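To start, the structure under review is shown below, and the notes come after it.
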Amino acid sequence: MSFCPSYRLVVPLALAVSLYVPAVAAGQGVPTPHAPVSTTLGDIATLRSAFVDAFNAKNATALNALYTTDAIAIGPDGSQTVGATAIGKMNTDSAATWPHAVVASFSTQVYGATAVDVGTWTVHPKAGGEFVYRYLVVLRHDVKGWRLHYVVNVPVAK
């Protein structure tokens, strides 16, 4: 049984390596578990698409579910609506008149559980033409995932 001496060396070495490697990863500041940025950006893109899909379907209920409870929406005219309940009422009251919309994101920056999305929001009324707005959205991540926290729309001057 000549394999016993080498076996006695290999087992403690394997045990030491199995304990050392996770400690090195933790020492590098890698949180466990963590969400990679690519997944986070994909989740935000999915939320953006869900918003546009709900808006184009005139589905205020689905749209309202995308806001945090203390959200603030600032309209193109400078009006401010505070709280998910008030935003929900505003959306429900106006859903029947929503035009078709297209969104294009220019930049999304993620800072932990907060993200900032900037782009254009273009609407096409039934009467024709189009209106273009610049938007800035601050998103917060909670137990339900990414949600709209601040939404600001500013018309683009022609």
Practice task
Scan (1) polar (S, T, N, Q); (2) within 20 Å of the chain's Cα centre (by Cα); (3) buried (at least 16 other Cβ atoms within 10 Å of the Cβ) for the single condition Gln109 breaks and write down its number.
Solution key: (3)
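Quick grid of which residues meet (1) surrounded by fewer than 18 Cβ atoms within 10 Å (Cβ to Cβ); (2) closer than 24 Å to Ala157 by Cβ; (3) more than 13 Å from the chain's Cα centre (by Cα); (4) not hydrophobic (A, V, I, L, M, F, W, C):
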{"position": "Gly42", "(1), (2), (3), (4)": "yes, no, no, yes"}
{"position": "Asn56", "(1), (2), (3), (4)": "yes, no, yes, yes"}
{"position": "Ala60", "(1), (2), (3), (4)": "no, no, yes, no"}
{"position": "Pro76", "(1), (2), (3), (4)": "yes, yes, yes, yes"}
{"position": "Gly83", "(1), (2), (3), (4)": "yes, no, yes, yes"}
{"position": "Ser105", "(1), (2), (3), (4)": "yes, yes, no, yes"}
{"position": "Gly119", "(1), (2), (3), (4)": "yes, yes, yes, yes"}
{"position": "His124", "(1), (2), (3), (4)": "yes, yes, yes, yes"}
{"position": "Gly129", "(1), (2), (3), (4)": "yes, yes, yes, yes"}
Completion exercise
Across segment 50-84, the tally of residues that are touching a strand residue (DSSP E or B) at 6+ places or on another chain (Cβ under 8 Å) and outside any loop (DSSP other than H, G, I, E, B) stands at 15
Handout entry: Unmet requirement for Ala35, which otherwise passes all of (1) surrounded by 14 or more Cβ atoms within 10 Å (Cβ to Cβ); (2) of a type in the set (A, V, I, L, M, F, W, C); (3) at pLDDT below 95
Key = (1)
Handout entry: So Ile74, is it at pLDDT 95 or above and closer than 20 Å to Val110 by Cβ
Key = no
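The values are calculated or read from the model by the stated rules, or taken from the named source; none is laboratory data. These numbers come from a predicted model, not from an experiment. Don't worry about glycine lacking a Cβ; one is built from the backbone with ideal geometry, like all the others, and counts go over all protein chains shown.
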